[in-house]
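Right, one structure below, let's go through it.
Each value in this text was obtained by applying a stated rule to the coordinates, not by laboratory testing. What you are looking at is a predicted structure, and each value in this text was computed from that prediction instead of being measured. Methodologically, a virtual Cβ is constructed for each residue, glycine included, from the backbone with ideal geometry; neighbour enumeration extends over all protein chains shown.
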Amino acid sequence: MTGQDRSASALAIDVGGTKLDVGLVADDGSVIVRHRAPTPSGGSGDELFGVIADLVARVLSSADISPIVCGVGTGGPMTGGGRSVSPVNIPAWRGFPLLGRVEELTGLPTFVDNDAKALAIGEGRFGAAVGVGNYLAMVVSTGVGGGIVLDGRLLDGVDGNAGHVGHICVVPDGRLCGCGARGCLEAEASGTAIAAIAGRPAVDASAEVIERTGMLVGRAVASVANLLDLRLAVVAGSVALGFGEPFFTAARAEIAERAQLDHSRGLEIRPGGLGSDGPLIGAACVGWAGLGSVVSPT
């Protein structure tokens, strides 16, 4: 991209366990306008979607341009490209028909994907993985998610759920996860888990908690790299980026211990390059990628 093209902008919707974020993103990755709201902790699925609808209306009324596509990033699991979503951290949505509801709301071609997979696309197009054809992208925030790019292609899986690194077991017989298993990375290292373990929000975490979180993330990253022949992991999200260098130092130390195969030794882990804009830019990239696949199928 050589400059901002507002006429090719995407309406981007990021659905998180803590906040809802809606914006317009230009085709150079810059955020033109955005509005946010806390994710309701209770109520029905329709009430939660009503907050999204209000944010969409505010965004569209704040700009003098019309987006060409809508991209949505949300927690999973999901089926059929977001036709039905059941985010682990959003109990109000179980089998919620997100794709159809957003299409009806916006009237735009709409594409839905996992929020961490969305980040993977965004980091590859605009961020810390530009020019890299094989990498893992992770979000360590309220929950933990991942997206995997192999041979330049984002992995989807049967229902679009490939990359759920948050449900790799890192502590055998550890804490009960929202998915029903024990010891998942999400149950041990997410913002929600940290608050439960430490009795205070992740933003107030002690040095010991920060080090443990980084170590567990490094353990999961090493396992993925050993399995998939990767040399790069890009990690973003409010917990990882908020903890900063002590988190990444602990992760690197654990990776050095556990990524010992010839194809994984030397694995690099680096912070996401898009910062707090990453989820929204990633959602926009989901829209552009989907639109491209419809216009020019491969």
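Here is how the numbers come out for the structure above:
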read-out	value
Proxy reagent accessibility, fewest Cβ within 10 Å first, across Val139, Val165	Val165, Val139
Local electrostatic count, Gly166, Cβ distance below 14 Å [Lys/Arg +1, Asp/Glu -1]	+1
Net charge dipole size for segment 6-115 [Lys, Arg +1 and Asp, Glu -1 on Cβ; Debye, nearest 20]	160
Amide H contacts under 5 Å for Arg182, placed H, 5+ residues apart	Cys177
The chain: relative contact order in percent, alpha carbon pairs under 8 Å with at least 6 residues between	19
Top positive-direction residue, dipole computed over the chain with Cβ charges, set Leu60, Val33, Gly244	Gly244
Sorted by Cβ density within 10 Å, fewest first, the residues Ile269, Ile13, Ile32	Ile32, Ile269, Ile13
DSSP beta bridges in segment 128-273 [antiparallel fraction, %, rounded to 5]	55
Within segment 83-152, trypsin sites (Lys or Arg not before Pro) in DSSP loop having at most 15 other beta-carbon neighbours inside 10 Å	Arg94
The chain: most fluctuating residue of Gly131, Gly82, Gly95 per GNM, C-alpha cutoff 10 Å	Gly131
Given charges at beta-carbon only (K, R positive; D, E negative), |dipole| of the chain in Debye	240
